[in-house]
Amino acid sequence: MNPSAPAVHRLHQVLLWPLRLLPPAGAELVPRRPWERVLAAGGPWRMQEDEYTGGAGEFHERHYQEFVTFKPYVQRFLYGAGHSDSCMKVLRRDDVKRLRVQTHEGAESRELEVVHVDLYFFDDVDLAILNVELSADELAFDEAQELLYRFGRAYPGGWDAEGHPLHVLRHAEWLDRDGRVLAASDGAEREVFIQHVHRHRAPRIAAHWAFLLHPLLSEHEEVEAAGPEPVLRYRQVESYRMPLMAYLALDEPRALARADFIRLGLAAAPGEQGLPLSEGSMADFEARHCWDQFWHDGGSAPQTRYLCSGKTLVVVGRADAEFFRCRDRGVLAQFRHQHFMIFLIAHFQKAALLAYSDRLVEALRRLDIGDPESVKRFKRAIRAGFEGFLRFTHRYWFHSISEQAQARSLYAMCVQHLELEVLYAEVKQRIGDLAGYLEADSLRRQANTVVRLTVVTIFGLIGTITTGFLGMNLLAEADAPMWRRVAIFTVTIVLTIWLTLYTIAKSKRLSDFLDAVSDERLSGWTKLKIFLGVWFYR
């Protein structure tokens with residue numbers, strides 16, 4: 001603990017939880033507009049009309065500044081163009097108003113304001129991102145650190161000897177506007193979580209997080225026998241620890257020790273004055289994780305420092321600086337708008353790439369090369385994945401999103417720490433390899449078909465020339481009775497069909513014989529043996 005650390009006068013904590021959407025039972029693909037299924041379920045979610053589609057009175061200067069931060073192609077992705085809709089759809093629920101938490105055993109309970117709970121969907125990407133923003137005033141620094149460290153985990157990482165859940169909040173309750181409990185955490189129910197992993201080979205989502213996502217259900221969440229089919233199911237694509245953003249307004253940011261900044265930047269557990277990791281591993285922390293252009297005593301927002309580790313984006317500054325706390329034009333407005341969008345884009349890109357990789361693994365796992373239907377489903381899945389990846393590349397993959405130095409730098413730090421370029425190249429190669437395999441397999445099948453047709457044509461040509469030479473007819477049956485001509489025609493067509501099918505069946509060996517005939521290095525006896533091998537195994 002750091003007893004000399006300044007108090008936190010204002011805290012904003014933003015969580016992003018990317019989830020892969022799974023197809024309904026019996027379907028191969030997720031519906032094209034999954035948000036419509038959520039709205040049709042009649043739950044607490046409603047379509048959020050943002051400031052761009054709502055009334056003019058709701059559009060403020062902070063929204064304008066957010067818009068002009070990004071390059072045109074990013075603007076079209078986030079906000080649409082003209083009267084066309086954005087590629088990003090947002091649902092919001094307004095029933096959850098506060099969060100009551102007990103961070104750890106023995107700590108006092110505290111209530112935090114729930115600013116909003118949103119669910120993001122994206123065209124042509126089977127992905128949903130849960131977004132939760134909390135705020136609180138007048139916290140001890142250690143309490144703020146506990147919240148950053150413990151809140152935003154989908155389930156406990158384990159339990160101590162007394163059965164208390166590790167690394168998560170000791171207890172959490174979502175409250176409505178009247179203070180009624182809507183859902184509570186169940187991290188202390190150790191056996192329930194353990195048995196779920198034993199039975200399904202997948203973790204169980206804690207009750208308070210499952211409640212927020214309803215009517216979406218986790219992949220293995222059970223429903224009552226008489227209950228309706230779930231709207232959609234979801235699966236984790238990343239760690240159980242959700243990416244987070246944090247805004248901290250302090251009395252004196254420079255009073256924080258280096259270890260405090262490292263814990264904030266990594267969202268590590270509060271501890272003693274020592275570093276949370278070895279000195280060697282943290283030697284370049286400032287160079288890799290800090291953006292310090294405003295980390296000085298001058299300017300409108302003095303002593304403002306940005307910390308980024310990919311999984312976290314934290315801004316720390318002086319509470320008495322008006323520009324730092326301004327929600328319309330200052331750092332707080334930038335944090336909740338521009339910087340949130342930067343963080344969202346980076347984690348959307350990573351989650352989408354991981355979801356595509358997961359789809360490939362799933363398609364390969366379900367492949368049974370002995371089952372023609374399984375092979376067809378595999379081919380459809382790979383082609384759909386390839387087409388989806390192309391759309392993702394051209395609509396959502398950006399190397400640069402802004403010309404503004406701060407936005408460009410923060411996005412570059414997120415990309416670097418999340419290793420997005422490496423992940424993109426890896427997924428692109430995997431999808432390309434499978435698509436190339438399908439193309440090669442298709443060409444191989446076409447080549448085999450051409451070989452068979454060529455063999456049938458060559459051997460059919462012998463009979464055609466023989467019977468049609470100079471228009472000669474072996475059987476003069478032109479004046480025969482009708483029944484006789486019909487009988488001869490029927491016998492002839494049946495024999496022709498049988499001979500054609502038989503030739504196709506033997507086409508591979510006949511093709512080998514034709515290759516042998518054209519090979520001048522082979523003797524006549526060898527060619528004869530190859531010909532006899534058409535009917536007898538050599």
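Since every read-out is calculated from the coordinates, none of them should be taken as a lab result. Quick caveat: nothing in here was measured; it's all calculated off a predicted structure. Heads up, the Cβs are rebuilt from the backbone with ideal geometry, glycines too, and the neighbour counts pull from every protein chain shown.
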Separation between the Glu162 and Arg327 pseudo-spin-labels, each 7 Å from Cα along Cα→Cβ, expressed in nm? 3.8 nm
Counting Lys and Arg as +1 and Asp and Glu as -1, what is the net charge of the other residues whose Cβ lies under 15 Å from the Cβ of His104? -2
Per 10 Å bin, what is the whole-percent P(r) computed from every C-alpha pair distance within the range 263-412? 9, 27, 25, 18, 12, 7, 2, 0
Each label sits 7 Å from Cα toward the beta-carbon; between Arg408 and Val494 the label points are separated, in nm, by 8.2 nm
Taking Cα atoms, the helix 507-518 axis meets the longest principal axis of the chain at an angle in degrees (rounded to 10) of 70 degrees
Efficiency of FRET from Cβ geometry, His220 and Asp320, R₀ 35 Å, rounded to 0.05: 0.10
So what does the Cα-only Debye profile of the range 210-322 read at q = 0.10, 0.22 Å⁻¹, as log10 I(q)/I(0), no solvent term? -0.47, -1.21
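Give the relative contact order (percent, whole number) for the chain; include only Cα pairs under 8 Å separated by 6+ residues. Working shown, then result.
Working: 802 pairs, mean separation 80.2, N = 538.
Once divided by the residue count of the chain, the mean separation gives 15 percent.
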Going from the alpha-carbon gyration tensor of the range 57-122, what semi-axes, largest first and in whole Å, does one get by taking the root of 5 times each eigenvalue? 35, 14, 12
Value of D in µm² per second that Stokes-Einstein yields for the chain, Kirkwood Rh from Cα pairs, at 20 °C (1.002 mPa s): 76 µm²/s
Between the helical axis of 420-468 and the dominant principal axis of the chain, each derived from Cα atoms, what acute angle in degrees is found, rounded to the nearest 10? 10 degrees
To the nearest 20 debye, what is the magnitude of the charge dipole of the chain about its Cα centre, counting +1 on the Cβ of each Lys and Arg and -1 on the Cβ of each Asp and Glu? 2800 debye
Cα lying deepest toward the dipole's positive end in the chain, options Leu175, Leu275, Val14, charges on Cβ: Val14
Among Cys414, Cys308, Cys87, what is the fewest-to-most ranking by other Cβ atoms within 10 Å? Cys87, Cys414, Cys308
Largest first, please: the extent of the C-alpha atoms of the range 132-244 along each principal axis, to the nearest Å. 48, 37, 26
Value of [θ]222 nm, deg cm²/dmol, for the chain, DSSP H segments ≥ 4, -39500 (n - 2.57) each, nearest 500: -14500 deg cm²/dmol
Leu390 paired with Ala480, simple spin-label distance in nm, labels 7 Å along Cα-to-beta-carbon: 5.7 nm
Once Lys and Arg get +1 and Asp and Glu get -1 on their Cβ, which of Gly26, Tyr64, Ser400 lies farthest toward the positive end of the dipole of the chain? Gly26
Residue-count net charge about Glu426 - beta-carbon cut-off 14 Å; Lys, Arg +1, Asp, Glu -1: -1
The chain: angle of helix 372-396 to the longest principal axis, Cα-based, in degrees nearest 10: 50 degrees
